[in-house]
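Written below as structure tokens is the structure these notes are about.
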Amino acid sequence: MNEAGKKNKKSLPEKKRRKYIRILWWLVVAPFLLLFPLVFMVSMEWFGPLPHIEDLQNPRINLATEIISSDGKILGKYYAENRVTVKYKDLSPLLVNGLISTEDARFHEHSGIDLRGLFRVFFRTVLGRDQSGGGGSTISQQLAKMLFPREKNQLRIRLAMRKIKEWIIAAKLEQQYTKEEILTMYLNKFDFVNLAVGIKSASKIYFNTTPDSLKIEQAAMLIGMCKNPALFNPLRRADTTLHRRNVVLNQMVKYEYLTKEKYDSLKLLPLGINYQQEDHNLGLAPYLRESLRDNFMEKWCMENPKPDGTQYDVYRDGLKIYTTIDSRMQRYAEQAMEQHMKEVQVKFFKECKQKKNAPFDFRVTKEEIKSILTASMKRSERYRALKAQGMSAAEIEKNFNVPVPMTVFSWKGEFDTTMTPMDSMRYYKTFLRSGFMSMDPHTGYIKAWVGGINYKHFKYDQVKTARRQVGSTFKPFVYALAIMEGWSPCKKIPNVPVTFEIPDQPAWTPANSSDEKYNGKMLTLRFALALSINSITAYIMKQFGPEPVVQLARRLGITAPMDAVPSLCLGTAEISLYEMVGAMSTFANQGTRIEPIFVTRIEDKHGRVLSDFRPHTEEVMDEEKAYVMIQLLKGAVQFGTGVRLRYKYKLMQPMAGKTGTTQNHSDGWFMGITPDLVSGVWVGGEERSIHFSSLDAGQGASMALPVFAYYMQKVYADKKINLYEGDFEKPAKKITVEMDCDKYDKETEAGSGEGDDGGDDF
């Protein structure tokens with residue numbers, strides 16, 4: 001074969017090889033060449049709309065509304081997503097460095113799309129099938145995906161179009177925001193699972209800290225979760241999450257944000273989770289938070305629309321609600337209630353063991369008990385759910401008598417058991433309930449609000465929603481009328497029966513439950529109120545009549561129904577604890593009634609003040625008469641029904657108060673007054689037929705007063721609260737009413753009045 005033939009024989013394979021190479025290059029390059037016109041068509045919205053510029057400038061992010069205490073603590077949140085945003089300056093540099101190292105090392109070098117990263121993914125991951133090559137999505141692209149989520153179960157072609165849209169959105173985001181803003185938006189938007197939405201919630205829930213105070217290993221764990229929070233969930237897959245955390249730390253070494261030596265020690269550390277469960281049933285002031293959400297904010301949102309006319313959404317608009325609650329005083333109030341209610345419940349359980357109808361009074365019939373339980377059944381969520389399913393009354397009742405597994409409350413902690421829903425209702429009725437409220441009488445600011453013994457299991461609010469007979473705590477209003485009419489606290493009244501003739505009804509003569517040794521004696525008003533003598537209160541009522549008493553109570557802020565009848569003087573009216581504390585505050589505020597409030601202002605997510613709140617005030621009596629009432633009420637603490645505050649609880653600060661006990665000891669009350677705080681306590685059963693059998697255990701001094709005592713002990717002990725411990729302020733002008741009653745009482749045996757509260761006979 002000649003040279004030409006050999007040459008042609010060699011050139012034929014060479015031509016084929018070059019042809020194949022050209023074809024290969026076209027296969028490689030063609031997708032990229034086609035990509036540019038495809039991107040152009042997508043950007044022109046040929047394949048569907050893209051977010052408008054307004055959407056990019058104001059992306060829709062659900063923000064939690066925060067409830068904030070007067071001392072700057074977060075009491076709780078309302079949210080569709082538990083997210084509260086932070087600014088870039090509030091982020092630890094460790095978070096930023098970890099995120100860039102792990103998710104987008106060239107973040108500061110690209111404009112939303114990292115072409116080098118895309119080529120790496122194509123050649124190394126797609127062609128080379130090397131999964132360690134990583135993804136090509138930049139932080140900006142991931143943010144675009146979070147802000148404008150993909151539809152689920154998309155076809156491949158639609159998914160490809162969606163990916164291109166994300167590139168375009170990422171590029172536009174880079175035009176609208178700085179790099180710092182994009183990083184901040186990413187961390188604020190990301191869902192770290194377990195109700196930890198956004199970096200602020202995640203820092204709190206997993207480590208009980210803030211984003212600017214995270215340690216490097218904590219920051220690395222949170223950044224590691226960004227790859228797949230369901231997989232790298234520290235509460236479910238601790239080992240997997242630990243490995244991922246160390247990958248992040250290693251990436252920080254790779255990009256020189258961390259030394260190898262430091263990494264070698266950090267990788268040995270455990271996750272160190274300090275889990276803070278996010279639950280509306282938990283945390284401080286749950287009853288106040290529910291009242292705030294269900295009543296106050298619902299009305300406020302209706303009356304205060306946005307500039308565009310739509311209503312604010314407390315679950316999504318990131319409002320900040322500043323309350324009057326002091327988180328320290330709230331905590332002390334909750335601790336005080338728990339401390340006492342555990343003690344009193346032990347006594348009640350012991351008594352219930354001796355009752356045939358426990359926890360009901362022995363005089364309650366089986367038919368009455370069935371009626372009570374049936375009424376409770378119909379009020380329950382279970383009943384409403386079964387009724388909504390179409391069950392008949394008979395079927396529902398049968399359902400309530402079938403044993404089921406359940407978790408129930410006890411003062412030693414929740415426990416799992418099996419019982420019928422009907423039995424569980426009776427079980428819960430064995431627990432005595434309580435409410436507590438404390439407010440500043442000069443500002444109207446409520447400092448503590450405890451609506452019950454356990455919000456998760458007993459959601460009914462005993463502060464503002466519940467109304468119970470107030471017993472002898474109503475007597476100060478009757479005495480106030482006499483003082484306003486010029487009576488002196490030293491005025492002596494005969495302690496003899498007082499009879500009211502009532503048209504078309506039998507005559508009514510209230511009896512005293514106090515020691516008979518005072519019967520027939522002349523008693524000063526101060527002494528009679530301190531020992532809660534019924535006949536003296538009845539005497540005052542008879543002098544002025546029920547109607548003026550009702551009118552005064554209305555001016556003091558009581559809106560509850562009150563019949564203008566003689567028995568009102570002994571507290572037959574059913575009034576909320578909220579109104580009783582507010583009314584009593586008038587005496588400590590120099591005679592000016594001030595409306596209790598629990599919100600001072602509301603701001604939007606940008607910090608703009610939307611509403612300011614100021615309490616309504618009204619002068620009810622002059623400061624001299626109010627001061628006289630304080631001196632009268634001091635007697636209960638100095639030598640009357642509240643004297644155990646002194647000898648048992650060692651509270652020696654200037655203090656006034658009034659106990660209250662209703663018929664059959666169904667309700668125990670105590671109202672405590674100091675110069676800067678007025679507090680009220682109620683304790684009783686869910687039903688009036690649930691109560692102690694004896695006055696000694698069931699009176700207000702035993703059931704309610706200890707909650708106030710424990711609370712004040714804790715408040716006075718906390719010097720950071722700096723509660724004033726001096727005496728009540730005297731009026732500026734000279735007091736014209738005689739105040740020194742000792743010389744009139746020296747013939748009257750002072751006695752302690754212990755175990756003796758005269759308001760329990762109606």
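The values are calculated or read from the model by the stated rules, or taken from the named source; none is laboratory data. What you are looking at is a predicted structure, and each value in this text was computed from that prediction instead of being measured. For neighbour counting, all protein chains shown are included, and Cβ atoms are generated from backbone atoms with ideal geometry for every residue, glycine included.
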With the requirement that a residue be in contact (Cβ under 8 Å) with a residue 40 or more places away in the chain and of a type outside the set (A, V, I, L, M, F, W, C), what does the range 90-107 give you?
ASP90, SER92, ASN97, GLY98, SER101, THR102, GLU103
Residues being of a type in the set (S, T, N, Q) and more than 13 Å from ALA538 (Cβ to Cβ): count how many of those fall in the range 493-510.
1
Taking GLU595 as meeting all but one of (1) at pLDDT 95 or above; (2) crowded, with 17+ Cβ neighbours inside 10 Å, write down the number of the exception.
(2)
For the range 479-514: of the residues being surrounded by fewer than 15 Cβ atoms within 10 Å (Cβ to Cβ) and within 45 Å of the chain's Cα centre (by Cα), which is nearest to GLU738 (Cα to Cα)?
GLU485
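For the range 276-289: of the residues being of a type outside the set (A, V, I, L, M, F, W, C) and at pLDDT 95 or above, which is nearest to ASN233 (Cα to Cα)? Full working, then the answer.
Let us first name the residues in the range 276-289 that are of a type outside the set (A, V, I, L, M, F, W, C), namely 276-281, 283, 286-287, 289.
Okay, now just the ones that are also at pLDDT 95 or above, so 286-287, 289.
On the way: PRO286: 28, TYR287: 32, ARG289: 30 Å.
It comes out as PRO286.
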I want to confirm something. Restricting to the range 160-206 and keeping residues that are modelled with pLDDT under 85 and basic (Lys, Arg), which single residue is surrounded by the most Cβ atoms within 10 Å (Cβ to Cβ)?
LYS165
Within the range 618-633, tally of residues that are surrounded by 20 or more Cβ atoms within 10 Å (Cβ to Cβ) and either in contact with a His (Cβ under 7 Å, 6 or more places away or on another chain) or more than 19 Å from ASP727 (Cα to Cα) (or both):
2
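Could you check the range 584-649 for strands (runs of 3 or more DSSP E) lying wholly inside it with 1 or more residues that are basic (Lys, Arg)? Quick ask: steps written out before the conclusion?
Details: elements: 592-594, 599-603, 609-612, 617-619.
Here the list reads 592-594, 599-603.
Which one is farthest from MET671 (Cα to Cα) among residues in the range 703-719 that are outside any helix (DSSP H, G or I) and at pLDDT 95 or above?
Restricting attention to the range 703-719, the residues satisfying the condition of being outside any helix (DSSP H, G or I) are 704, 718-719.
Those left that are additionally at pLDDT 95 or above: 704, 718.
Details: ALA704: 9, ASP718: 22 Å.
Here the answer is ASP718.
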Filtered residues of the range 369-401 (kept if among the hydrophobic types (A, V, I, L, M, F, W, C), within 34 Å of the chain's Cα centre (by Cα) and more than 20 Å from GLU687 (Cα to Cα))
ALA385, LEU386, ALA388, ILE396, PHE400
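Conditions tested, residue by residue: (1) modelled with pLDDT of 95 or more; (2) over 21 Å from ALA636 (Cβ atoms).
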| position | (1), (2) |
| --- | --- |
| ILE483 | yes, no |
| GLU501 | no, yes |
| PRO506 | no, yes |
| THR509 | no, yes |
| LYS517 | no, no |
Only residues that are in a helix (DSSP H, G or I) and out of contact with any Lys or Arg (no Cβ under 9 Å at 6 or more places or on another chain): list them for the range 564-583, please.
SER567, LEU568, MET580, VAL581
Output for the range 415-462, where each listed residue is part of a helix (DSSP H, G or I) and of a type in the set (D, E, K, R):
ASP423, ARG426, LYS429
Within the range 373-414, residues surrounded by 14 or more Cβ atoms within 10 Å (Cβ to Cβ) and in a loop (DSSP other than H, G, I, E, B) come out as SER380, MET391, PHE400, PHE409, TRP411
If only one of VAL253, VAL247, VAL314 is in a loop (DSSP other than H, G, I, E, B) and either touching a Gly at 6+ places or on another chain (Cβ under 6 Å) or not charged (D, E, K, R) (or both), which one is it?
VAL314
Name, by its number, the condition in (1) more than 24 Å from ASP696 (Cβ to Cβ); (2) under 40 Å from the mean Cα position of the chain (by Cα); (3) buried (at least 24 other Cβ atoms within 10 Å of the Cβ) that does not hold for LEU531.
(1)
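Please tell me if ASP294 is assigned to a loop (DSSP other than H, G, I, E, B) and charged (D, E, K, R).
Values: assigned to a loop (DSSP other than H, G, I, E, B): no; charged (D, E, K, R): yes.
Taking the combined requirement at face value, the residue does not satisfy it.
Yes/no matrix, rows are residues, columns are (1) touching a strand residue (DSSP E or B) at 6+ places or on another chain (Cβ under 8 Å); (2) over 21 Å from CYS569 (Cα atoms); (3) at pLDDT 95 or above; (4) not basic (Lys, Arg):
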| residue | (1), (2), (3), (4) |
| --- | --- |
| MET629 | no, no, yes, yes |
| PHE639 | no, yes, no, yes |
| ARG646 | no, yes, yes, no |
| MET652 | no, yes, yes, yes |
| GLY660 | yes, no, yes, yes |
| PHE670 | yes, no, yes, yes |
| ASP676 | no, yes, yes, yes |
| SER679 | yes, yes, yes, yes |
| LEU695 | yes, no, no, yes |
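Can you tell which of TYR263, TYR275 is out of contact with any Asp or Glu (no Cβ under 6 Å at 6 or more places or on another chain) and assigned to a loop (DSSP other than H, G, I, E, B)? Spell out the reasoning first.
On the way: TYR263 fails: assigned to a loop (DSSP other than H, G, I, E, B).
Only one candidate qualifies: TYR275.
Identify the residue in the range 677-702 that is touching an Asp or Glu at 6+ places or on another chain (Cβ under 7 Å) and either in a strand (DSSP E or B) or among the β-branched types (Val, Ile, Thr) (or both) and, among all such residues, is nearest to GLN663 (Cα to Cα).
GLY684
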